[in-house]
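A short worksheet on the structure shown next.
Please treat every number below as a calculation from the coordinates, not as lab data. Since we're looking at a predicted model, the values are computed, not measured. Cβ coordinates were reconstructed from backbone atoms using ideal geometry, including for glycine residues, and neighbour counts include every protein chain displayed.
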Amino acid sequence: MDLETFAPGHGRLEPRAALRSDAPALDLNGTWRFRLSPTAHAPDDFARPDFDDAGWDDLPVPSHWPLHGHGAPAYTNVSYPFPVDPPRVPDENPTGDHRRVFDLPAGWTGGRVRFEGVDSFARVWLNGHELGFSTGSRLPVEFDAGPWLRPGRNVLAVRVHQWSAASYLEDQDMWWLPGIFRDVTLTRSSADVFVRAGYAGGRGTLSFDGPGTLSVPELGVADLEPGVEVEVAAEPWTAETPRLYDAVVTCPEESVRLRVGFRTISIVDGVLLANDTPLLLKGVNRHEFHPGHGRAVPYETMREDVLLMKRHNVNAVRTSHYPPHPHFLDLCDELGLWVIDECDLETHGFGQVGWRANPTDDPRYADALLDRMRRMVERDKNHPSVIMWSLGNEAGVGQNLAVMAGWTRERDPSRPIHYEGDWSCAHTDVYSRMYASHAEVEAIGRRAEDPLDDLELDARRREMPFLQCEYAHAMGNGPGGLAEYQQLFETHPRLAGGFIWEWIDHGLAHPELEYAYGGDYGEPLHDGNFVIDGLVFPDRTPSPGLIDLKKVFEPVKFEFGDGVVRVVDSYDFRDLSHLEFVAAVEVEGETVAEHRLDVPAGGGECKVPDTPGPAGERWLTVRAVLAGDQSWAPAGQEVAWAQALLAGPSVRPPAAPPAAFVRDGDEIAAGGCAFDAATGRLVRLFGLEVEGPRLDLWRAPTDNDRYGGLEGKWRGLGLHRLTHRVDSLETGDGLTVRTRVAPAATDLGMWATYRWTFDGGLRLVLDIEPDGDWREPIPRLGVTMSVPGDVGEVTWFGLGPGEAYPDTGMGARVGRWSATVDELQTPYVRPQENGHRADVRWARFGAFRVSGEPTFGMTARRWSVDELAAARHRPDLVAGDRVHLHLDLAHQGIGTATCGPGTLPAYELRARRATLRLRFDPS
Ligand code: IPT
């Protein structure tokens, strides 16, 4: 077999829509027989019906064979894992032979074998007869089985080669995972239907192409002939109001059921509209992924994805970077998400060889590229959720894009075309970019972007809506900068929003490592943890990034005034009548009063009665929750919230007169606390053995710190190996310890002066002053101490419940929170700085309590920062017998420098004069 052919397939039937038909179908999923060969050259006699496969293994289908003990997964982002020499492929070419015996029900004649997805090159035989071959892993293919089916026992054989000329088209940033990874069926359905349902001027329009007649009983449409358009009194479909109508197309041989949604996408004056209303995409990029099954994603998992997105105020998905399983789009129709459906095309690795021989610009690949586009458009054309076709991702520029776009425009003029890889936008209807900085997005929003050399193209592009098909790279801790992007999207009508990169961490479940990433299977070439960059962890637990995103994407806004709150409807298509509004007054984090707010459906101003109550810091929290069940969440689900400060903290009662600090042997003691007389370091805190707080500038670098280059600078300066020198120690009404803290081999340092006093509680005033010319931002400014490990629950009053850094934590609110030390950790797959709770007024750690004057940042762990920084996977972190406490004045922001801009200047931490004030009391 010629695996290096440019032809996308042979013997295949014309592509058609994914449809629910009442024609008989036989599910061929299940247990198949399987054999793996290291090259493409094993004999192909296995396709014979009488071949004895007794020596083979069982394999479930759908699946990827490397996840079932045959070979291993491999991860690369941009690089091809084989030489870039199209269309040639290596002799090492894992080849999986699959056999499935099935019984044909009595009376069955004719039909097609349908594969929803085979990665990558599939050769198919039925009863020893070769039906053909196909490429295009994430696309369906059908072969005519009719002539070769026989009564009773039939044998379907499929040979899957991992590498072929088509592999050059599938260089997406993900695990390389061959196999028959989507459903296989024998179906007698053959119909193709293209329903066109628009919405304009308050009316629906309906027509269709295909065999038979179309009926939509709910709208009184009966037996509509193909090619005839009717007007209907339909409600529109939007992602916010996903109204669907059951339709049936009755053909001579079968009936096809569809759910029709009426909506029209248009572009007017450079603004993206749905049903004549501006549309703001609050999107995520979704790869198909399951930690145990790879891209063979169970239906329940797809549903969970959509539900999670909806519950976090996400309204759009880009199906990066290939068409998803067709059921996913059914769910988007039903539950409501706007979708950019992306073609299974990426040739990113050619960028590493100067884009020489890029298939996108090679006419020999034109058929293959067009074939992929056709199979996507034909399969998915009936989905109201799909609002744009994307030609692919990171495939450079070239003439084949024109072929794909030209055909698509003709076939489906109703949807704009998207492609990011060609900034001239020669073949697209929208201007799309990835990871553009805030400043550039703002300029584009004002139509003040730098012009293209080609003035005609420039003028065309300037009239286009703009979207960021990828932004805010959610790798590890982060992303930072979300709120500022959203602010821009909501300010400039040209900006149609964007899609966060990306939905899920693709960590593969691993017996020792918990979750594996690139390199963990011994791949000679890999991109490490770049595959761990999602808003949800591999098990789909929301990461702090998703909690923040939910806040930033809120469809309801609150503005507080004197005794009033203004509620603003920020939905694009619906009012607030499905929501209930609750206002709570909390003192020191404890609710003292709660009442409903009467908010008009269109939004407006409401009085917020402040209830007199106990003294203390008093906050008003207003929440919008679902009044009744929705298809995507039950009643009570929180949609939006905001807080306003009603009264500041009460004034502390005057302290007892300061106690004397007295020398006692090697120690200096005051009220149950003691300091080492030589180092001035706290050693005992109300009877607990502690290692005193001392100035620290270091944090375990985040992925953004690492890939953005800060980690290198910090390590270069030696911030991870500070030395401490005590210059003087004075006792009296307190203890003053003057120190200089600095790394070796540099003249940069920090003066740190600790002033301790005791007035019933132990007070620390730490003055910090930089020494020398500090040019780079620093990771952190605060103290580190260790305490005995028997700290159970930590209770604090401050921002929570989750972590927060200067440019993240929008989802955290002021309140009283409790967590065990273990629960304070955010389980980033690759360990890094995490778990910092911000604006903490006070925190109780078992036997003692720390208060900020006024606040501090808090992190507590069972391992040191050095252990955290050295760990590659979570199981590397082993709890010791101490708890390491970090009490901070400030942190460097997070940014999104793994891809995109670093921390915005406002969130950078510069070495500066600063004072940290803390107070320790017995609990
Ligand atoms: C961008 C890719 O489109 C995306 O698939 C992913 O690889 C991301 O990078 C990194 O996680 S392309 C990059 C050159 C900006």
With +1 on the Cβ of every Lys and Arg and -1 on the Cβ of every Asp and Glu, and nothing else charged, how large is the dipole of the chain about its Cα centre, in debye rounded to the nearest 20?
1320 debye
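Would you please report the Å³ per residue occupied by the convex hull of the alpha carbon atoms in segment 63-193?
Cα-based convex hull of segment 63-193, divided per residue, equals 121 Å³.
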Using unit Cβ charges (K, R positive; D, E negative) and no other charged atoms, how large, in debye to the nearest 20, is the dipole of segment 398-528 about its Cα centre?
660 debye
Between the helical axis of 326-335 and the dominant principal axis of the chain, each derived from Cα atoms, what acute angle in degrees is found, rounded to the nearest 10?
60 degrees
Helix-derived mean residue ellipticity, 222 nm - over the chain, DSSP H n ≥ 4, -39500 (n - 2.57), to 500:
-3500 deg cm²/dmol
Does segment 339-447 come out rounded, prolate or oblate by the C-alpha gyration tensor, with a ≥ b ≥ c the root eigenvalues, rounded set by a/c under 1.5 and, if not, prolate when a/b is larger than b/c and oblate if not?
oblate
Ignoring solvent entirely, what values of log10 I(q)/I(0) come out of the Debye formula for segment 554-647 at 0.13, 0.20, 0.21 Å⁻¹ when each Cα is a single scatterer?
-0.43, -0.93, -1.00
Net dipole in debye of segment 566-641 [+1 Lys, Arg Cβ; -1 Asp, Glu Cβ; about Cα centre; nearest 20]
140 debye
Between Rg and the Kirkwood Rh of segment 194-252, both from Cα atoms, what is the Rg to Rh ratio?
0.96
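What order do you get for T820, T238 when you list them from fewest to most C-beta neighbours inside 10 Å?
By the 10 Å Cβ count, ascending, the order reads T820, T238.
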Sum of side-chain charges, F675 neighbourhood, beta-carbon under 15 Å (Lys, Arg +1; Asp, Glu -1)
-1
Exposure proxy ranking, count of Cβ atoms within 10 Å, fewest first, for D27, D171
D27, D171
A615 and T250 label points (each 7 Å along its Cα→Cβ direction) are spaced in nm at 8.0 nm
What lysines could a cross-link reach from K381, if we take a straight Cα to Cα line under 29 Å and drop same-chain neighbours fewer than 8 places away?
K282, K310
Where does each of 186-195, 797-806, 662-671 land if you order them by average Cβ count within 10 Å, highest first?
797-806, 186-195, 662-671
Note to self: C-alpha centroids of segment 834-890 and segment 15-83 sit apart, in Å, by 48 Å
Which lysines have a Cα lying under 21 Å from the Cα of K607, excluding residues fewer than 8 positions away in the same chain?
K557
A correct fewest-to-most ranking of E288, E420 by other Cβ atoms within 10 Å would be E420, E288
The FRET efficiency for A678 and E490, from their Cβ-Cβ distance with R0 = 56 Å and rounded to 0.05, is 0.45
Pairs of alpha-carbon atoms within less than 8 angstrom and 6+ residues apart define the contacts here; what relative contact order does the chain have, in percent?
9 percent
Separation of the H129 and A106 label points, Cα + 7 Å toward Cβ, nm
2.5 nm
For the chain, which semi-axes, largest first and in whole Å, follow from the square roots of 5 times the eigenvalues of its Cα gyration tensor?
56, 33, 25
Using the Cβ atoms and a cut-off under 13 Å, what net charge is assigned to the surroundings of L131, where Lys and Arg are +1 and Asp and Glu are -1?
+2
Cβ-based net charge around P653, under 14 Å, with every Lys or Arg adding one and every Asp or Glu removing one
0
Pulled fully out, how much extra length does the chain show between L307 and R574, if you take 0.36 nm times their separation in residues and subtract their Cα-Cα distance?
94.2 nm
Label-point separation, D52 to V662 (7 Å along Cα→Cβ), nm
9.6 nm
Which FRET efficiency value, to the nearest 0.05, is calculated for Y299 and E218 with the Förster distance at 25 angstrom and r the Cβ-Cβ distance?
0.40
Here the FRET efficiency for T820 versus A200, based on Cβ atoms and R0 = 60 Å and rounded to 0.05, is 0.60
Sorted by packing (mean other beta-carbon atoms within 10 Å per residue), highest first, where do 215-227, 67-79 land?
67-79, 215-227
On a full-extension model of 0.36 nm per residue, what is the gain between A593 and D866, subtracting their alpha-carbon distance, rounded to one decimal in nm?
93.7 nm
